[in-house]
Amino acid sequence: MSDPALVPPLTPRTIAILMHERQAAVKRDYLVDMFADFWREDGHRVVYLQGVKEFVPADVLIVHIDLSVVPDEYLEFARRYPAVLNGDVKDIRKSTYRIYPGLQAVPAWIFDDPDLVVERFLPEFSGGEYHMRAMGFLGDSYSCLQMTSKFPIVNGSSIIRVAEVEPHPDIIAIKRATRFDYGKFDYVIHEGQAYLLDMNKTVGKPAPTDDAEVQAGRRKRARELYRYFTPDPAASS
C-alpha cells in the first residue's frame, strides 16, 4: 500500500525556493532543480525567489542559500511562510582539510591562523582501502552511500566503488539536532564512531540516468516535500 503522504495532492500547491540575490537565476546545477521538475510534473507551481525584496505567497519555502552563513534577513523572511525547510540552518562553516604525515609536519603559521583548524586525521580504513559515507535526506527520508578509494582523500576522481549502506544513527541524530530538513552529510566511521566531515544544504544535481529504478527513487525523495503541506482540502471533499 502506498504512503498517502507521498501521493501528489489533488490541489496544486505553490513551492518557493529562496536563493541569495547574487545566485544566478539561470543556474540549474542543484538537486533541488531536478526535484522542481518532478514537482511541476505533479501539477505544482515552483517559483524561485532571488533575494528577499518581494514576498510571493507559497505553501512551502525551501531556504536554498549557497553560502556557509545564511544572512539573518533571509531567515527572517522565511518565517513568513507556513512551512519552511532549513529555516533554522544558519551556519555550516567547516574547514577544508589538508593531510600531513604528522603533527610535526604542520606549518607553524597554521596554528596562528584563527580561520584554520588542526584536527587528527581519522580515516575510515579497511581492507587496504579508504571509505567515506554520504547521507542524503529530505525530511525523515534518508539514503546513504559508502564511497571507496585507494587514496586518503575520497572524492569524485578517486572513487573506485560505491555501495548503498544504512546511515549511522549518530549522523541521523546530528541531522535532527541541527534542524536540517534537506541536504547531505559526509562522514566516516573510525573505530566504530561516526565523525561528520561536511554538511551541505545546497546539494549538486546528480548525473542523468536511464536507470528507471534510480529515477523512481529520486522522484520518491522529491515527493517527501509533500509531508510539509497542510492537509489537502480536496481530499476530504
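The values are calculated or read from the model by the stated rules, or taken from the named source; none is laboratory data. Quantities reported herein were computed from a predicted structural model and do not represent experimental measurements. All Cβ positions, glycine included, derive from the backbone under ideal geometry; neighbour counts span all protein chains shown. Heads up: the accessible areas ignore ligands, DNA and RNA and are worked out on the full protein's heavy atoms, side chains in. Shrake-Rupley method; radii C 1.70, N 1.55, O 1.52, S 1.80 Å.
Only one of 103, 116 is over 30 Å from residue 70 (Cα atoms) and out of contact with any strand residue (DSSP E or B) (no Cβ under 7 Å at 6 or more places or on another chain); which?
Numbers: 116 fails: over 30 Å from residue 70 (Cα atoms).
It is 103.
Does region 112-129 contain any residue that is outside any helix (DSSP H, G or I), touching a residue at least 60 places away in the same chain (Cβ under 8 Å) and not hydrophobic (A, V, I, L, M, F, W, C)?
yes
Residue-by-condition table, conditions (1) assigned to a loop (DSSP other than H, G, I, E, B); (2) among the aliphatic types (A, V, I, L, M); (3) open to solvent by less than 40 Å² (accessible area, probe 1.4 Å):
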site: 151; (1), (2), (3): yes, no, no
site: 172; (1), (2), (3): no, yes, yes
site: 206; (1), (2), (3): yes, no, no
site: 215; (1), (2), (3): no, no, no
site: 220; (1), (2), (3): no, no, no
site: 224; (1), (2), (3): no, no, yes
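For region 1-80, please list each of the strands (runs of 3 or more DSSP E) lying entirely inside it that holds at least 3 residues being β-branched (Val, Ile, Thr) and at pLDDT 95 or above.
Values: elements: 14-19, 45-50, 60-63.
Counting at least 3 such residues, we get 14-19, 60-63.
Filter region 113-129 down to the residues that are more than 16 Å from residue 97 (Cα to Cα) and open to solvent by 50 Å² or more (accessible area, probe 1.4 Å) and list them by number. Step through it out loud before you land on a result.
Here is the first cut: in region 113-129, the residues more than 16 Å from residue 97 (Cα to Cα) are 125-129.
Once the filter is applied, which keeps residues that are more than 16 Å from residue 97 (Cα to Cα) and open to solvent by 50 Å² or more (accessible area, probe 1.4 Å), region 113-129 yields 125, 126, 127.
Report the residue count in region 24-63 for those that are within 15 Å of residue 81 (Cβ to Cβ) and aliphatic (A, V, I, L, M).
Total meeting the criteria: 10.
I need the full set of residues from region 98-111 which are open to solvent by 90 Å² or more (accessible area, probe 1.4 Å) and either assigned to a loop (DSSP other than H, G, I, E, B) or aromatic (Phe, Trp, Tyr) (or both), in order please. First the steps, then the outcome.
So in region 98-111, the residues open to solvent by 90 Å² or more (accessible area, probe 1.4 Å) come out as 98, 101, 103-104, 109, 111.
Passing the criteria: 98, 101, 109, 111.
Looking at the structure I just gave you, is residue 140 within 29 Å of residue 16 (Cβ to Cβ), within 17 Å of the chain's Cα centre (by Cα) and surrounded by fewer than 17 Cβ atoms within 10 Å (Cβ to Cβ)? Walk me through it before giving the result.
Numbers: within 29 Å of residue 16 (Cβ to Cβ): yes; within 17 Å of the chain's Cα centre (by Cα): yes; surrounded by fewer than 17 Cβ atoms within 10 Å (Cβ to Cβ): yes.
The answer is yes for residue 140.
Which condition from (1) under 24 Å from residue 223 (Cβ atoms); (2) touching a residue at least 12 places away in the same chain (Cβ under 8 Å) is the one that residue 196 breaks?
Condition not satisfied by residue 196: (1).
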